[in-house]
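Single-structure report; data block below.
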Amino acid sequence: MAIFSCSKCSHMREVGSNYVGKSVKCPKCEHVTPIHDTIAFVKALIKRNIAQSNALKNFQSASPGDISATDIRDNCLFDEIDIYNTDTLSQSSNLEPIQQWFEQRKIQANINPDAADTTGFFDEISLLMGNNFDVLNIVTNQIKYVQNKGYMNVKIELSKKSSADIQQIKSFCKALHDYSFVAKYYYDKKEKQIRLTLQKAAKIRNFFNGIWMEWFALIKLLEFFREKKLAPSCTRSLEISFSDGNANELDLFVLTEKNTPICIECKTGEFRQDIDKYLLLRKKLKIEKSQFVICVFGLSNEQAQGMTSMYDLTFVNESTLIPHIQAQS
């Protein structure tokens, strides 16, 4: 048998084994939740409960000065979960070390647990966009341009593209439609044009306006942590406020197993006007240059290296982000 356990409203029921691995809407709250094999689900619960129990015992027996983020970390390895379809990062065991890191520095952090919930399809589409950025940015740029103009219909000219690129772009736009990121998709073979009708939902608009880069970076991080069998704490899109009243939003924040903080800001297009802002933010967070990363999609390796030499910030692109993170882990 398999088990359905809603991560939002806690509704639970048994279903047939043929549903294992699929995601369905909860009949009570309509939250999309994956279906697990019952034995694997129970084993994971037992393991998590043991880890939390041990962490609680250590927490209770320690004096206040001895308590650190690692004392309350769940240590749930990412190779034990489906990183593309999980709410594990939304749980307190992942978020508490991050919250504590900011509290120790007298910085107020407002963490949105749902920001790192991968049970939707934002992560799948963002991986397609980031892994094939050179080819697919014609689609994302046009969608962003049209929706910011207040229009709903997008036309993408492919007549100057190679056959391989046309096929890849068509496949991506079809995926956008399959996952409901666009309302309509049509390919005019004769004119070599793709026509899309956009969705109005705010989450979809924000996704194409730049949130997709945060999702891409998050999933690439999770893939790396899973491969290396690491158990850091990480989250996306958190708001922080300093004692002087100034506030900032961080795209991604990671605490490695060594409690090394890593802040990642994701940009595309024109980003140079924000350099001074990031320099000031790094100083206020009191983290090292190598720990404050500006990931600029489409930036050449040469440009990234040159700008890293010029400024007290680390510049990478979508391909060099993970090699840099590996050096910090």
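Points to keep in mind about this one:
- Among strands (runs of 3 or more DSSP E) entirely within the stretch 232-329, having at least 1 residues that are free of Cβ contacts under 8 Å to residues at least 12 places away in the same chain and farther than 30 Å from N132 by Cβ singles out 247-255.
- Among the residues making up the stretch 171-225, those that are closer than 16 Å to L136 by Cα and among the hydroxyl-bearing types (S, T, Y) are S171, Y185, Y187.
- Evaluation of C263 against the conditions (1) crowded, with 18+ Cβ neighbours inside 10 Å; (2) over 24 Å from K228 (Cβ atoms); (3) modelled with pLDDT of 95 or more shows that the sole unmet condition is (2).
- F207 being over 30 Å from S159 (Cα atoms) and either at pLDDT 95 or above or crowded, with 18+ Cβ neighbours inside 10 Å (or both): no
- Unmet criterion (only one of (1) in contact with a strand residue (DSSP E or B) (Cβ under 9 Å, 6 or more places away or on another chain); (2) surrounded by fewer than 17 Cβ atoms within 10 Å (Cβ to Cβ); (3) closer than 22 Å to E249 by Cα) for K283: (1)
- Selection count, the stretch 90-129, where residues are among the polar types (S, T, N, Q), farther than 26 Å from K25 by Cα and touching a residue at least 60 places away in the same chain (Cβ under 8 Å): 2
- Within the stretch 230-248, the residues that satisfy the criterion of being under 19 Å from P97 (Cβ atoms) and surrounded by 15 or more Cβ atoms within 10 Å (Cβ to Cβ) are L230, A231, P232, S233, C234, T235, R236, S237, L238, I240.
- Apart from one condition, S90 fits all of (1) out of contact with any strand residue (DSSP E or B) (no Cβ under 7 Å at 6 or more places or on another chain); (2) small (G, A, S); (3) more than 17 Å from I211 (Cα to Cα); (4) modelled with pLDDT of 95 or more; the exception is (4).
- Among residues of the stretch 112-126 being of a type in the set (G, A, S) and farther than 20 Å from F172 by Cβ, the one that is surrounded by the most Cβ atoms within 10 Å (Cβ to Cβ) is A116.
The values are calculated or read from the model by the stated rules, or taken from the named source; none is laboratory data. These numbers were taken from a predicted model, which means no experiment stands behind them. Neighbour counts are summed over all protein chains in view; Cβ atoms, including those assigned to glycine, are modelled from backbone coordinates with ideal geometry.
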